[in-house]
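Comments concern the structure below.
The values are calculated or read from the model by the stated rules, or taken from the named source; none is laboratory data. Model, not experiment: these values are computed from the prediction. As a convention, Cβ positions derive from the backbone with ideal geometry for all residues, glycine included, and neighbour counts pool all protein chains shown.
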Amino acid sequence: MKKHKPEPVPHELSEEEMLDPHGNVTHEHVILSSTMLLGVLLILLFFTFMTVAASRAEIAIADGLHIDIPQWVNVSVAMTIAVIKAIFVALFFMQLKYDNKLNAVVAATCISGLGLFLGFSMLDLGTRGIINPEEQNEIQLGGAGLPRDNKVATIVAAKNRYIEEHGLSAWQEEMRAHHGDHLPESASWSGPDQSRPRHGPTGLFDAGGAEHSGH
Amino acid sequence: MSSITSTPASGDTRPYHERYKPADHFRSRDDEFDAVKFGVWLLLATEVLLFAGLFCAYAVFRMLYPEAFANGSHHLNWKLGAANTVILLLSSFTIATSIHNAQKGQIGWLKFNLAFTVLCGAAFLVIKGVFEYYPKLSAGKAPGIFFSYPFATDPYEPIWWGIYYCATGVHATHVFVGICLITWLFIRAHKGHFGPTHYNAVEGVGLYWHIVDVIWIFLFPLLYLIH
């Protein structure tokens, strides 16, 4: 990753370019060396390994040692690594580091738009409980606005169809095989009318409900 | 690319990429190169904003129904997701190297790297379709009203599958488009269209392929690793 001075592509001035009143129409194209590209690939693979390892480690700690790591740790580690990887791809593979700065302006504008879009949406959903405490666990259904019972009906119908075909004991056996010890009580279902106070993917916006957080 | 002629002007025996003349409204090949690259960057900005909608839907529904998303994430095999990540990173490396090859005039390596990138893209789609979509859909883990998986424990799991199929499906469509474009590059490279003085198309498609990779870099942890 040291001394990657871009080498110019050989280029001869054409007749039009010689006559160009503004001059300087030619510029050097950047050629990134193969070793540098390979180095970036290895860094990206290393971070992929790290993000998987972090995720597996958290599951092992939670299952083996019964230590419940707050969800925001999980989310921020994964997203930080993803951002680092994306920066490496953009700077070197996409050549933003060496490129015409106008392209970097396009990229930066686009990322700001993304940030506004995600940021304000999350701020809205995440802080409802702070402004109006009575709305903390109540979020209006969007879209078709089907009531929760309708959703329950979908999964109950699927379950009943299976029981009709294979019998109840087969279903119970399969259920144990699929979920093991993690089979949740129905009371832990989340939803607008029966929500657990666990707000946001990060939990950072928790409005005083922290003692209930976690799986 | 309007002014390309496939037959050399009489007496002009230079290779194609040296004969290449930019479109009339560009002063030079470099001006055209910059304009092409800028245009591709504008396209990439719209691509990112397209996926921003999906990421926002993911975040909102995850906030509303964390249990459904935690359950849903357990159904995905992180090994398949990690394999696809490695495949896409590798293909990003080969397409970046193919630009290097074009700049250096290494046409054999250019063709090799383009072909390798196409194979990586195909491998990605096979893992996605054959080892992920097919078994999941067969088990009833389908989006929305098509959901018929009998062992769900959260009423909002169909929404998780809706987000999963939309996000990965739109991404897989981009991979497919990328494969077609890189195949087109391969054919043109085979015809000798690219060289140190002209490789606009390789550069543009390369940028597109990298953004497809970047989007997967975010989809992978969001869907497979966060629980």
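The listed residues are A:52, A:30, A:40, and the only one of them that is more than 30 Å from residue B:227 (Cβ to Cβ) and either within 25 Å of the chain's Cα centre (by Cα) or more than 7 Å from every other protein chain (Cβ to nearest Cβ) (or both) turns out to be A:30. Note down all Cβ pairs under 7 Å where the first residue falls in the stretch A:84-104 and is within 11 Å of residue A:40 (Cβ to Cβ), the second is of a type in the set (Asp, Glu) and crowded, with 20+ Cβ neighbours inside 10 Å, and they're at least six residues apart or on different chains. Final answer for the pair search is A:89/B:213. Can you name the residue in the stretch B:30-46 that is under 17 Å from the mean Cα position of the chain (by Cα) and more than 7 Å from every other protein chain (Cβ to nearest Cβ) and is also surrounded by the most Cβ atoms within 10 Å (Cβ to Cβ) among such residues? Only one residue tops the list, namely B:44. Listed by position, the helices (runs of 4 or more DSSP H) enclosed by the stretch A:84-189 that each have at least 3 residues that are modelled with pLDDT of 85 or more and within 30 Å of residue B:33 (Cα to Cα) are A:101-131.
Is one or more of the residues making up the stretch B:58-71 surrounded by fewer than 17 Cβ atoms within 10 Å (Cβ to Cβ) and more than 9 Å from every other protein chain (Cβ to nearest Cβ)? Looking through the stretch B:58-71, none of the residues is surrounded by fewer than 17 Cβ atoms within 10 Å (Cβ to Cβ) and more than 9 Å from every other protein chain (Cβ to nearest Cβ).
Exactly one residue among A:96, A:116, A:91 is aliphatic (A, V, I, L, M) and more than 10 Å from chain B (Cβ to nearest Cβ), and that residue is A:91. Just one residue in the set B:124, B:93, B:112, B:147 is free of Cβ contacts under 8 Å to residues at least 12 places away in the same chain and surrounded by 20 or more Cβ atoms within 10 Å (Cβ to Cβ); that residue is B:93. Taking the stretch B:1-118 and the helices (runs of 4 or more DSSP H) fully enclosed by it, the elements with 3 or more residues that are closer than 26 Å to residue A:38 by Cβ are at B:29-64, B:78-104. Would you confirm, using the coordinates I've provided, whether residue A:80 is under 30 Å from residue B:97 (Cβ atoms) and either hydroxyl-bearing (Ser, Thr, Tyr) or in a helix (DSSP H, G or I) (or both)? Judged against the criteria, residue A:80 is a match. For the stretch B:141-189, the set of residues classified as of a type in the set (Ser, Thr, Tyr) and more than 12 Å from chain A (Cβ to nearest Cβ) consists of B:164, B:165, B:168, B:173, B:183, listed by residue number. With respect to the stated conditions, residue A:75 fails to be exposed (fewer than 15 other Cβ atoms within 10 Å of the Cβ) and in a helix (DSSP H, G or I). Could you check, for the stretch B:51-62, whether at least one of its residues is of a type outside the set (D, E, K, R) and touching a Cys at 6+ places or on another chain (Cβ under 7 Å)? Yes, some residue in the stretch B:51-62 is of a type outside the set (D, E, K, R) and touching a Cys at 6+ places or on another chain (Cβ under 7 Å).
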